[in-house]
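Q: This structure is in structure tokens; I'll ask about it shortly.
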Amino acid sequence: MTPGAVRLTLYSPFDGVVIPLREVPDPVFADGMMGDGVAIHPLSDTLLAPCDGVVTTLHAARHAITLRSDAGVDVLVHIGIDTVALKGDGFTAHVREGQRVTTGAPLITFALDRVALAARSLATPLLVVDGSSCSITERAMGRVRAGEPIMTIEAQQPSVPHRRDGLSDEVHSRAVTISMRHGIHARPAARIAAALKPFSARVTFHYGARQADGRSTVALLALGASLGNVVRIEAEGSDAAMALDAVSDLIASGMGETDQDDILVASTKVAAPSDAESRPGALRGVRASPGLAVGVAYRLDNAPPSLEENGGPIAEERASLADALATTHARLASLAIQGSDAQRTILDAHLAMLEDPTLVECAHRLIDEGRSAGYAWHRALADQAALLAEVDDPRLRERAADLRDLDRQVRRALAGETQSGGALPDSAILIADDLLPSQLIELDLPRLAGFCTERGGPTSHVAILAAGMGLPSLVAMGADALQIANGTPLILDADAGFLEIDPTAERVSEVAAAIADRRNRRAIALRDAEMPCVTADGRRIEIFANLGSVADAEQAARHGAEGAGLVRTEFLFLDRQQAPDEGEQRAVYQAIADALTGLPIIVRLLDIGGDKPVVYLAAPREDNPMLGVRGIRLSLRHPDLLEAQLRAIAAVSPAGQLRIMIPMVSTVDEIRQVRAMLERVADLVGIIRPPELGIMIETPAAAATAGLLAAEADFLSIGTNDLTQYVLAIDRGNAELADRVDPLHPAVLRMIGLTCEGAARHGRPVGVCGGAAGDPDAVALLIGLGVTELSMVSALIPETKARVRGLNHAATRALAEAALHCADATEVRAMVRAFERDMTS
């Protein structure tokens, strides 16, 4: 053992099977972001203390707990994956924070079956967190009993914390609202700590009376910050502003944990229809998916095949069940391959349940006791569904429907049935006691106008499917819905939340006209999303997308992007130990080109340094990195790296689709150096004509000399984010001045105007790829100043196209001229809004 070290043995917190941490289905744990250790598949329902120590954190959802051992080592136990979503349901804590516990003391009891059904995995990480001074010398694997040794750790005695060298006294501070649906739990805490690794700044989180080191996952967990809470983040040091930007942006992004289910619930809350909306004989319901439909009632017979409790020979019943499970699995897998993304997600969940060994083992036990295969399978799923039906969370209660669905499907396979129901009439409005996902997917959808169910809820899987299909539907309508006879004329108004029974011919005609109008407007919107964008007086404005991945390109194509105005190539270079080679880059660039077939794509050369440093490009510490070696300045110091990127871009097919943009240009010589290298690369790869070469305008120097730069460049694109902070001399990371960093400040607008004037002298197009391009207040101003291309996040494209089509170019020029003479950005924005009101009045 290392001199001065202490040895700590951790004991298994429950009966289970130990697996390597890398096999946990969550990269935050599998990649060691939270710490090193093992994972356990629990076979008992009480978590025991793995060592003597003090409870330092107990998550509000009671699914995770941290102990500070007597050796000074922090030990985290996280029951299952994604169990934070249960919000404590099924978990009972036996301890409190600050309590001292001994090895083997009960910490948390949990409903094993209930949690297993709701969680992505029951794999439970047991981790040494923030353990840079620890090493694990022994790990158990395989089956263990509670209380058996599971891990041995050597830990150096903790040293006295000291101040980081080089920290300044200047503190940057920002208030950030927590947007992750379950707050700062294990996964966000690990990602926050990881995001701070490239920086030297000290970053501290404050929430209420608590504070936490941003690099300590345990301390972050102890904050107890939840969705909607506001935390104050302080950063101190030479790169404090950049560190603050990085972690604030990460939290603002939601880390992929913004709650789509909550959005769905909010969108499906329907107020009781007013008297004006009510119709004689109308039934009310809860909207599962919006829309309006006219059709005829069709009753779906949901009766499952009959059950025989007693079975035949055990071997035959087991074989029958195996065949039925295989048949159902094959059918679901086939539907998943053919279905939409939403259908695949739900069917994949059904496939996972179908493969659950616990369910099969339970059915086998019942078969061995003399029950039939159908009865055994039904009982196995019914017991689990009953557990889910008792929980408080409505989403988890509705997951019981998935188990009922699997029960019905396997019993149908046992009975040799293949169809979900009879043939639908045209414009059928389906009436059922409940509708299961597999039933909806199997229906003749072109004949289906909508559906209504007696039971069900707005967050059920079938409701999510209906929304994805654009299928009007109501749920929770009550037993009266089942009294409607087949063939009865119906009007389904899911927007208002009611079903009209046997309406008059005049009413049917009225609603049919409304449906036709809606359909026409949707068709126009869809058509216009793909059409070129032209102002009302005929001026062509290109609407492009900003991209940071292949997935972004695919989304851009769906939103009607006319090209990509900015491909941020940094995503290939960051968060890794060495630069990507030419082949890797070329494959990604080609995939983006394939996703936007035939459309122009502007690829920005690597823009790192400054606020985006990388570990494998050693660079001296700079007092002000945002004014230092960044962008093209850095790339020119690493010609091998720059040439590899140019070769990768030039090799993409078809030639000419990709254009190249140089970041942070401030001199003519920088353009000439890159062009000379690009021409050499073109000769080497056998390209007759090199890709177009443009520049970003991000500094006052570039804007003021735009005419000189445009003589050397093929196009110009304005990065309003950096240009704004440089023109106004305000650090956009400074929370005290954040409200003053506005790209609509007259000084910034004048720089944009100078750029457009300089480019026009040489016939060069000007785009904007910064945040201003998607700002509704900025669109008319930018066009009036002479911008001909706007590039933004894909989601803003349809709305921006519609806005541009309503503009008159001459009017925008007058607006822009007036804006240049305003006192500040507030006055500019007020003037723009008055201009838009006048346009619509």
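Q: Go through the range 477-503 residue by residue and tally those that are open to solvent by 80 Å² or more (accessible area, probe 1.4 Å) and either more than 13 Å from A297 (Cα to Cα) or within 38 Å of the chain's Cα centre (by Cα) (or both).
A: We begin by selecting, within the range 477-503, every residue open to solvent by 80 Å² or more (accessible area, probe 1.4 Å); these are 480, 483, 486, 502.
Now narrow it down to the ones that are either more than 13 Å from A297 (Cα to Cα) or within 38 Å of the chain's Cα centre (by Cα) (or both): 480.
Here the count works out to 1.
Q: Right, something else. Test of understanding: among D45, D52, D31, which residue is surrounded by 15 or more Cβ atoms within 10 Å (Cβ to Cβ), more than 17 Å from G183 (Cβ to Cβ), acidic (D, E) and without any contact (Cβ under 8 Å) to a residue 60 or more places away in the chain? Lay out the reasoning, then the answer.
A: Numbers: D45 fails: without any contact (Cβ under 8 Å) to a residue 60 or more places away in the chain; D31 fails: surrounded by 15 or more Cβ atoms within 10 Å (Cβ to Cβ).
Answer to the check: D52.
Q: Let me ask something additional. Considering T358, T345, T327, which residue is at pLDDT 85 or above, assigned to a helix (DSSP H, G or I), of a type in the set (V, I, T) and out of contact with any Leu (no Cβ under 6 Å at 6 or more places or on another chain)? Step through it out loud before you land on a result.
A: Values: T358 fails: at pLDDT 85 or above; T345 fails: at pLDDT 85 or above.
Among T358, T345, T327, only T327 is at pLDDT 85 or above, assigned to a helix (DSSP H, G or I), of a type in the set (V, I, T) and out of contact with any Leu (no Cβ under 6 Å at 6 or more places or on another chain).
Q: Next question, about the same structure. Against the definition (farther than 28 Å from C362 by Cβ, modelled with pLDDT under 90, in contact with a strand residue (DSSP E or B) (Cβ under 8 Å, 6 or more places away or on another chain) and open to solvent by 40 Å² or more (accessible area, probe 1.4 Å)), how does G98 come out, yes or no? Steps first, please.
A: Values: farther than 28 Å from C362 by Cβ: yes; modelled with pLDDT under 90: yes; in contact with a strand residue (DSSP E or B) (Cβ under 8 Å, 6 or more places away or on another chain): yes; open to solvent by 40 Å² or more (accessible area, probe 1.4 Å): yes.
In short, yes.
Q: Quick check on my filter: what residues within the range 815-830 are of a type in the set (A, V, I, L, M) and either open to solvent by 60 Å² or more (accessible area, probe 1.4 Å) or within 36 Å of the chain's Cα centre (by Cα) (or both)?
A: Filtering the range 815-830 for residues of a type in the set (A, V, I, L, M) gives 815-816, 818-820, 823, 825, 828, 830.
Answer for the range 815-830, where residues must be of a type in the set (A, V, I, L, M) and either open to solvent by 60 Å² or more (accessible area, probe 1.4 Å) or within 36 Å of the chain's Cα centre (by Cα) (or both): A823, A825, V828, A830.
Q: Right, something else. Restricting to the range 179-195, and then to whatever is touching a Pro at 6+ places or on another chain (Cβ under 9 Å) and outside any helix (DSSP H, G or I), can you tell me which residue is least open to solvent (accessible area, probe 1.4 Å)?
A: Restricting to residues being touching a Pro at 6+ places or on another chain (Cβ under 9 Å) and outside any helix (DSSP H, G or I), the top hit is M180.
Q: Same structure, new question: Within the range 764-775, can you find the residues that are at pLDDT below 95 and surrounded by fewer than 24 Cβ atoms within 10 Å (Cβ to Cβ)? Write out each step before concluding.
A: The initial filter retains those residues of the range 764-775 that are at pLDDT below 95, namely 769-775.
Passing the criteria: G771, G774, D775.
Q: Something else about it: List the pairs whose first member sits in the range 594-608 and is in a strand (DSSP E or B), whose second member is basic (K, R) and open to solvent by 10 Å² or more (accessible area, probe 1.4 Å), and whose Cβ atoms are under 6 Å apart, counting only residues at least 6 apart or on separate chains?
A: Here the result reads I602/R659, each pair linking the range 594-608 to a residue that is basic (K, R) and open to solvent by 10 Å² or more (accessible area, probe 1.4 Å).
Q: Something else now. Need the failing condition index for I40 against (1) touching an Asp or Glu at 6+ places or on another chain (Cβ under 7 Å); (2) at pLDDT 90 or above; (3) closer than 26 Å to A155 by Cβ, just the number.
A: Only one criterion is unmet by I40, namely (1).
Q: Okay, moving on. Examine the range 24-43 for a residue that is in a helix (DSSP H, G or I) and aromatic (F, W, Y), and state whether such a residue exists. Break it down into steps so the answer makes sense when it comes.
A: The initial filter retains those residues of the range 24-43 that are in a helix (DSSP H, G or I), namely 27-30.
From what's left, aromatic (F, W, Y): 29.
The answer is yes; a qualifying residue exists.
Q: Oh, and also: Only one residue in A587, A561 is modelled with pLDDT of 90 or more, surrounded by 13 or more Cβ atoms within 10 Å (Cβ to Cβ), of a type in the set (A, V, I, L, M, F, W, C) and assigned to a helix (DSSP H, G or I), so which one is that?
A: Working: A561 fails: assigned to a helix (DSSP H, G or I).
From the options A587, A561, the qualifying one is A587.
For (1) at pLDDT 90 or above; (2) in a helix (DSSP H, G or I); (3) crowded, with 19+ Cβ neighbours inside 10 Å, each residue gets a yes or a no:
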{"residue": "L76", "(1), (2), (3)": "yes, no, yes"}
{"residue": "V84", "(1), (2), (3)": "no, yes, yes"}
{"residue": "T103", "(1), (2), (3)": "yes, no, no"}
{"residue": "L117", "(1), (2), (3)": "no, yes, yes"}
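Q: Still on this structure: Can you tell me which condition V54 does not meet? The list is (1) assigned to a loop (DSSP other than H, G, I, E, B); (2) more than 32 Å from the chain's Cα centre (by Cα), and all the others hold.
A: Only one criterion in (1) assigned to a loop (DSSP other than H, G, I, E, B); (2) more than 32 Å from the chain's Cα centre (by Cα) is unmet by V54, namely (1).
Q: Read through the list (1) among the charged types (D, E, K, R); (2) assigned to a loop (DSSP other than H, G, I, E, B); (3) touching an Asp or Glu at 6+ places or on another chain (Cβ under 6 Å), then give the number of the only condition that R68 fails.
A: (2)
Q: Next question, about the same structure. Inside the range 781-803, can you point out the residues that are open to solvent by 10 Å² or more (accessible area, probe 1.4 Å), touching a Cys at 6+ places or on another chain (Cβ under 6 Å) and polar (S, T, N, Q)?
A: none
Q: Any residue in the range 480-504 that's touching a residue at least 40 places away in the same chain (Cβ under 8 Å): show its pairings with residues that are open to solvent by 50 Å² or more (accessible area, probe 1.4 Å) and hydroxyl-bearing (S, T, Y) at Cβ separation under 6 Å, as long as the two are six or more apart or on different chains.
A: From residues that are touching a residue at least 40 places away in the same chain (Cβ under 8 Å), there are no pairs.
Q: Let me ask you something else. Can you name the condition, by its number, that A778 falls short on among (1) open to solvent by 10 Å² or more (accessible area, probe 1.4 Å); (2) farther than 30 Å from R647 by Cα?
A: Evaluating A778 over (1) open to solvent by 10 Å² or more (accessible area, probe 1.4 Å); (2) farther than 30 Å from R647 by Cα leaves (1) as the failure.
Q: Another question about this same structure. Restricting to the range 57-74, and then to whatever is more than 32 Å from the chain's Cα centre (by Cα) and over 18 Å from A219 (Cβ atoms), can you tell me which residue is surrounded by the fewest Cβ atoms within 10 Å (Cβ to Cβ)?
A: Of all residues in the range 57-74, those more than 32 Å from the chain's Cα centre (by Cα) come to 68-73.
If we keep only those that are over 18 Å from A219 (Cβ atoms) as well, we get 70-71.
Working: D70: 13, A71: 21.
So the residue we want is D70.
Q: Okay, moving on. Could you check the range 681-716 and list, in sequence order, the residues that are more than 30 Å from S653 (Cα to Cα), buried (at least 17 other Cβ atoms within 10 Å of the Cβ) and aliphatic (A, V, I, L, M)?
A: The answer is A702, A703, A706.
Q: Among all residue pairs at least 6 apart or on different chains, which show Cβ distances below 9 Å where the first residue, located in the range 788-800, is touching a residue at least 12 places away in the same chain (Cβ under 8 Å) and closer than 9 Å to V768 by Cα and the second is open to solvent by 20 Å² or more (accessible area, probe 1.4 Å) and in a helix (DSSP H, G or I)?
A: M792/G771
Q: Out of all the residues in the range 6-23, which are outside any loop (DSSP other than H, G, I, E, B), under 15 Å from A123 (Cα atoms) and of a type outside the set (A, V, I, L, M)? Before you say what the answer is, go through the steps one by one.
A: Kept after step one, since they are outside any loop (DSSP other than H, G, I, E, B), are these residues of the range 6-23: 6-11, 16-23.
Keeping just the survivors that are under 15 Å from A123 (Cα atoms) gives 16-23.
The answer is G16, P20, R22, E23.
Q: Here's another thing I want to ask about it. At pLDDT below 85, of a type in the set (S, T, Y) and open to solvent by less than 10 Å² (accessible area, probe 1.4 Å) - does that describe any residue in the range 247-266? Spell out the reasoning first.
A: First, the residues of the range 247-266 that are at pLDDT below 85: 249, 252-266.
With of a type in the set (S, T, Y) added as a condition, the list becomes 253, 258.
Narrowing the set further to residues that are open to solvent by less than 10 Å² (accessible area, probe 1.4 Å) leaves none.
So far as the range 247-266 goes, no, none of its residues is at pLDDT below 85, of a type in the set (S, T, Y) and open to solvent by less than 10 Å² (accessible area, probe 1.4 Å).
Q: Mind listing just one residue for me: the one in the range 140-151 that is part of a strand (DSSP E or B) and modelled with pLDDT of 90 or more and, of those, most open to solvent (accessible area, probe 1.4 Å)?
A: If we filter the range 140-151 for residues that are part of a strand (DSSP E or B), which is where we start, we get 142-144, 149-151.
Those still in the list that are modelled with pLDDT of 90 or more too: 149-151.
Working: P149: 82, I150: 2, M151: 3 Å².
Among those that are part of a strand (DSSP E or B) and modelled with pLDDT of 90 or more, it is P149.
Q: Still on this structure, I have one more. Test V741 against the criterion of being surrounded by fewer than 20 Cβ atoms within 10 Å (Cβ to Cβ), without any contact (Cβ under 8 Å) to a residue 40 or more places away in the chain and farther than 25 Å from Q645 by Cβ, and give yes or no.
A: Numbers: surrounded by fewer than 20 Cβ atoms within 10 Å (Cβ to Cβ): yes; without any contact (Cβ under 8 Å) to a residue 40 or more places away in the chain: yes; farther than 25 Å from Q645 by Cβ: yes.
Here the answer is yes, as V741 does meet what is asked.
Q: If we keep just the residues of the range 290-330 that are under 34 Å from the mean Cα position of the chain (by Cα) and without any contact (Cβ under 8 Å) to a residue 24 or more places away in the chain, which is nearest to I431 (Cα to Cα)?
A: A330
Q: Filter the range 718-736 down to the residues that are touching a strand residue (DSSP E or B) at 6+ places or on another chain (Cβ under 7 Å) and not in a loop (DSSP other than H, G, I, E, B), then identify the one that is modelled with the highest pLDDT.
A: Of the residues in the range 718-736, the ones touching a strand residue (DSSP E or B) at 6+ places or on another chain (Cβ under 7 Å) are 718-720, 723, 733-735.
Adding the requirement that they be not in a loop (DSSP other than H, G, I, E, B) leaves 718, 720, 723, 735.
Values: I718: 96, T720: 91, L723: 92, A735: 41.
The extreme case among them is I718.
Q: Go through (1) more than 30 Å from S473 (Cα to Cα); (2) surrounded by fewer than 19 Cβ atoms within 10 Å (Cβ to Cβ); (3) not β-branched (V, I, T) and name the single condition L547 misses.
A: With (1) more than 30 Å from S473 (Cα to Cα); (2) surrounded by fewer than 19 Cβ atoms within 10 Å (Cβ to Cβ); (3) not β-branched (V, I, T) applied to L547, the lone miss is (2).
The values are calculated or read from the model by the stated rules, or taken from the named source; none is laboratory data. Given the structure is predicted, the values throughout are model-derived calculations rather than measurements. All Cβ positions, glycine included, derive from the backbone under ideal geometry; neighbour counts span all protein chains shown. Each accessible area value is taken on the protein alone, full model and side chains, heavy atoms only, with ligands, DNA and RNA left out. Shrake-Rupley method; radii C 1.70, N 1.55, O 1.52, S 1.80 Å.
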